[in-house]
Amino acid sequence: MILPKFDYKKAEDIAAAIALYERSKGRACYLAGGTDLIPLLKLRLSEPSAMIDLKGIPQLKTISRKGNSLVIGPNVTLFELKNHETVKDYFPALYESLDATSCETLQMRGTIGGNILQNTRCLLYNKSLDWRTARGFCYKMGGETCNVVPNAAACFSNYCSDNALSLLSLSASVKLAGPEGERKIKLEKLFSKDGRNPFTLKPGEILTEFHIPFKRSTGAYEKLRVRNAIDYPLLGVAVSMIGGKGKVCVGGIGPAPLVYDLKDLSGAGLKEVAQQARQEARPVSNTTLSAGYRKKMVNVLTQRAIKRALKEGK
Ligand SMILES: Cc1cc2nc3c(=O)[nH]c(=O)nc-3n(C[C@H](O)[C@H](O)[C@H](O)COP(=O)(O)OP(=O)(O)OC[C@H]3O[C@@H](n4cnc5c(N)ncnc54)[C@H](O)[C@@H]3O)c2cc1C
């Protein structure tokens, strides 16, 4: 498929990238590895006037220890992060989610920033313009209906980042810089819960750093997919445990991840969290597996991930 026309700009630093964005009058978008963005352009689901390439900004490509945090630049590739000396040892849930992301070819191109800011997906949305025109535009395409759930008032597209779940389980936060200045927020606050526009980023904001508390954790990541070689998660569950307390994150089943605290580590306690996640998960028939099966699997994978995280802690 052919790309639409756009201007290509390469920024040397963060201030230059924001200035380029301001000059575009809000019609530009940022480019990292392009593995999420380029297919969207080809399908005419995004038509920016300019692409501002962030890959030449050295500051966005480092991993360092600052105070009590591991600070990760958004342009670090998934492969680099997976193989960083601290990740497997300190953050096993993150190591496993990185390893489970698509395939190594994609991990070498895709960045952690782009992974977290990837758009939500739906079987009836990620389609060609001809296909979508024949079917009729849904909420996410600017229309007035949901093509999956008739008469629904919301968009049920799925947020499919594997690594957002493990980063949430590790209580990560993010730094953002934009035309209105800098701010730091908990990763949880980045999600709007609206499938049409899934993030709370302000226009022109760049994600500049991830911060993870530098504490050794035990953890696990469980992923449901059809083809282990490449597929997006049709459900993902990350668990991280530090000092007898844990966080459980469930994703791939709606526009934003679900996050739970795990305080009671008894068998009854973990069953309760798994049951709660199952009740609150609202998958619909917009992937290659049925909604009913994915809902049942929330319970199964949540218990499995918690049990593995606890076992590794012993
Ligand atoms: C075949 C295939 C399989 C895939 N499988 C998986 C999978 O199993 N699991 C999974 O999690 N993902 C999967 N993906 C999704 C995606 O490709 C990866 O998550 C990848 O990490 C995205 O990173 P990128 O650098 O290519 O992002 P890009 O495509 O460059 O960017 C994605 C979005 O983030 C924005 N962005 C990027 N960096 C910044 C920044 N610093 N500040 C502000 N905005 C920014 C861009 O504007 C864009 O909107 C898959 C993609 C493909 C094509």
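Readers should treat all values here as calculations from the given coordinates under stated rules, not as data from a laboratory. Note that the coordinates shown come from a computational prediction; the quantities given were computed from them, not determined experimentally. As a convention, Cβ positions derive from the backbone with ideal geometry for all residues, glycine included, and neighbour counts pool all protein chains shown.
Exposed loop sites here are GluC sites (Glu not before Pro) assigned a DSSP state other than H, G, I, E or B and surrounded by at most 13 other beta carbons within 10 Å; excluding them, the longest clear run of the chain is 181-314. Classified by the C-alpha gyration tensor, the range 170-261 has an oblate form. Its axis ratio a/c, with a ≥ b ≥ c, is 1.5 or above, and a/b does not exceed b/c.
Across all directions, the average projected area of the convex hull around the alpha carbons of the range 1-138 is 10.1 nm². Give the shape of the range 10-68 as rounded, prolate or oblate, defined through the alpha-carbon gyration tensor: a ≥ b ≥ c are the square roots of its eigenvalues, a/c under 1.5 means rounded, and otherwise the shape is prolate if a/b is larger than b/c and oblate if not. Oblate is the answer for the range 10-68, as a/c is 1.5 or above yet b/c matches or exceeds a/b.
Restricting the calculation to Cα atoms, every distinct pair contributes to the Kirkwood radius of the range 253-301, found to be 11.6 Å. As a rough footprinting exposure proxy, the listed residues Thr208, Thr86 were ranked by other beta carbons within 10 Å of their own, and the order from fewest upward is Thr86, Thr208.
A helix-only calculation puts the chain at -8500 deg cm²/dmol for mean residue ellipticity at 222 nm, using -39500 (n - 2.57) for each DSSP H run of at least four residues, averaged over all residues. Consider all pairwise Cα distances in the range 155-313 and report the whole-number % of them above 22 Å. Beyond 22 Å sits 43 percent of the P(r) for the range 155-313. For the chain, modelled as a GNM whose springs connect Cα atoms under 10 angstrom apart, the maximal fluctuation among Ile206, Ile72, Ile230 occurs at Ile230. Largest mean-square fluctuation among Asn286, Asn126, Asn163, in a Gaussian network model of the chain whose springs join Cα atoms under 10 Å apart, belongs to Asn126. For the residue pairs Lys25/Lys61; Lys55/Lys88; Lys66/Lys186; Lys66/Lys175; Lys42/Lys82, the alpha carbons lie more than 21 Å apart in Lys25/Lys61; Lys55/Lys88; Lys42/Lys82. Couplings for the range 168-179, taken from phi via the Karplus curve 6.51 cos²θ - 1.76 cosθ + 1.60 with θ = phi - 60°, read 5, 5, 9, 6, 6, 10, 10, 9, 10, 10, x, x Hz in order; Gly and Pro are left as x.
Among Ala164, Ala19, Ala291, whose mean-square fluctuation peaks in a Gaussian network model of the chain (Cα, cutoff 10 Å)? Residue with maximal mean-square fluctuation among Ala164, Ala19, Ala291: Ala19.
Between Lys25 and Ile38, the distance separating the two model label sites (each 7 Å from Cα on the Cα→Cβ line) works out to 3.0 nm.
Using the Cα gyration tensor of the chain, with a ≥ b ≥ c the square roots of its eigenvalues, what is the shape: rounded (a/c below 1.5), prolate (a/b larger than b/c) or oblate (neither)? Oblate shape, in that a/c is at least 1.5 and b/c is the bigger or equal ratio. A straight line joining the Cα centroids of the range 24-53 and the range 109-135 runs 12 Å.
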